[in-house]
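Shown next, in structure tokens, is the structure this report addresses.
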Amino acid sequence: MDMEKLQYLAQAYFHQDYDLEAEEPIQILMEFRDGEPPEVVEELRGAMDRVLSSGLREEELAELWLDKAGACYDPRQNGIEMSVWFRQMIDALL
């Protein structure tokens, strides 16, 4: 799995103060999309697509995003399932 790309997003953009940088978490993805080189954005989208198509359960996606990648944003606190969050992230990177 392409953990380094996901870790970069999680740690550089969804750090402990991410909520001071945007009103909504999805806006952080738009900042990533607009601020990073297109090939980096495309590589991340591909990595997220592979994560979603791997068949991981919701708990495994949460562990991947929060524990392994190191993100400080947990979409479940906003009533969003992890699989939906991954799809929203992919869509925001288009």
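The values are calculated or read from the model by the stated rules, or taken from the named source; none is laboratory data. Keep in mind it's a predicted model, so treat the numbers as computed, not measured. Cβ sites come from the backbone with ideal geometry, for glycine too, and all protein chains shown count toward neighbours. These area figures cover heavy atoms from the full protein model, side chains too; ligands, DNA and RNA do not enter into them. Shrake-Rupley method; radii C 1.70, N 1.55, O 1.52, S 1.80 Å.
Checking each residue in the range 27-51 for being more than 11 Å from Ala92 (Cα to Cα) and open to solvent by less than 30 Å² (accessible area, probe 1.4 Å) picks out Leu44, Gly46, Ala47, Met48, Val51. Number of residues in the range 6-26 that are surrounded by fewer than 16 Cβ atoms within 10 Å (Cβ to Cβ) and either in contact with a Leu (Cβ under 7 Å, 6 or more places away or on another chain) or of a type in the set (D, E, K, R) (or both) equals 5.
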